[in-house]
1. Pick from the range 55-68 the residues that are of a type in the set (A, V, I, L, M, F, W, C) and free of Cβ contacts under 8 Å to residues at least 40 places away in the same chain: which of them is farthest from Lys226 (Cα to Cα)?
2. Restricting the range 108-131 to residues that are among the hydrophobic types (A, V, I, L, M, F, W, C) and touching a residue at least 12 places away in the same chain (Cβ under 8 Å), which is farthest from Tyr50 (Cα to Cα)?
3. How many residues are without any contact (Cβ under 8 Å) to a residue 40 or more places away in the chain, surrounded by fewer than 17 Cβ atoms within 10 Å (Cβ to Cβ) and among the aliphatic types (A, V, I, L, M) when one looks only at the range 69-90?
4. So is Tyr212 aromatic (Phe, Trp, Tyr), in contact with an Asp or Glu (Cβ under 9 Å, 6 or more places away or on another chain) and not in a loop (DSSP other than H, G, I, E, B) or not?
5. Considering only the range 196-208, how many residues are touching a Phe, Trp or Tyr at 6+ places or on another chain (Cβ under 9 Å), farther than 23 Å from Lys156 by Cβ and of a type in the set (D, E, K, R)?
6. If you go through the range 33-54 one residue at a time, do you hit one that is farther than 30 Å from Thr227 by Cβ and in a loop (DSSP other than H, G, I, E, B)?
7. Kindly list, by first and then second residue, each pair from a residue in the range 132-148 that is at pLDDT 85 or above to a residue that is acidic (Asp, Glu), limited to pairs with Cβ atoms under 7 Å and residues at least 6 apart or on different chains.
8. For the range 209-218, state whether one or more residues are assigned by TED's automatic domain parsing to the domain that holds Phe181, within 30 Å of Arg152 (Cα to Cα) and among the charged types (D, E, K, R).
Amino acid sequence: MALTPPVQSDTPGGAFNRLLTIMNDLRANCPWDMKQTMESLRHLTIEETYELSDAILSGDMDEIRKELGDIMLHMVFYAKIGSETNAFNITDVLNGICDKLINRHPHIYSDEEVNNEDDVKRNWEKIKLKEGNKSVLGGVPASLPALVKASRIQEKARGVGFDWEDKGQVWEKVEEEIKEFRDEFNVENEAAIDHEKAEGEFGDLLFSLINYARFININPEDALEKTNRKFIKRFQYLESKAKENNRQLQDMTLAEMDIFWNEAKKL
């Protein structure tokens with residue numbers, strides 16, 4: 001017999017309870033949902049997070065709303081699975097994050113005084129160390145993409161005062177790293193190039209560029225992704241124009257392709 005679906009609610013609490021009820025129904029009655037584990041959901045959660053990221057970069061508010069719902073479902077799903085072994089339940093999850101936020105915002109819920117955002121970040125890192133974190137960098141997930149990880153490492157270090165004083169110093173470091181990377185290839189015999197060392201210098205250069213981006217309030221991950229999208233859009237225009245002219249890209253000269261590429265840039 002079919003279950004009666006819970007009705008929509010106009011309140012946040014009512015809507016959240018509706019989702020919890022549906023989750024309980026699915027876990028008890030749907031063959032797919034009954035089979036899932038935290039491990040089986042993990043890669044799907046990562047995928048949903050990237051889909052939310054895509055929607056945010058696209059500025060599509062309706063799609064952002066939908067993707068937030070998908071992620072909310074996953075959070076409730078994990079809590080449901082946790083409750084089945086009495087490890088934790090959704091109430092534990094919500095109270096846990098509330099307690100953490102209260103504890104880490106003493107300037108709101110206690111008599112701590114702060115003057116700016118940097119003071120808040122420094123307090124945050126100090127409190128985390130008091131809570132048992134062995135290192136300021138311990139909270140940076142090892143599996144983060146390298147570009148995002150570099151940004152988080154630098155932000156964490158800055159939170160305890162380990163940072164450059166101004167962006168001019170950072171740019172000097174960028175120029176220094178550019179020279180060191182270039183010098184690795186400035187040899188007469190290419191066979192003599194130490195590629196492992198060159199790779200290290202390239203990593204140092206990227207790290208310093210990410211540092212500079214932080215100083216001028218540019219998110220390097222967002223910046224690179226926007227450039228990726230721009231390149232894709234222009235390259236697909238190039239492909240479409242080649243097709244219109246009954247040409248194959250591999251048969252065109254670079255000069256011929258540049259004509260369409262420049263058209264795409266103007267668009």
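1. Leu68
2. Among those that are among the hydrophobic types (A, V, I, L, M, F, W, C) and touching a residue at least 12 places away in the same chain (Cβ under 8 Å), it is Ile127.
3. 3
4. no
5. Final tally of qualifying residues: 1.
6. yes
7. Partner pairs satisfying both residue conditions: Leu147/Glu221; Val148/Glu221.
8. Checked against the condition, which is being assigned by TED's automatic domain parsing to the domain that holds Phe181, within 30 Å of Arg152 (Cα to Cα) and among the charged types (D, E, K, R), the range 209-218 yields at least one hit.
The values are calculated or read from the model by the stated rules, or taken from the named source; none is laboratory data. Note that the structure is a prediction, hence the values are computed from the model and not measured. Cβ atoms come from the backbone with ideal geometry, glycine included; neighbour counts cover every protein chain shown.
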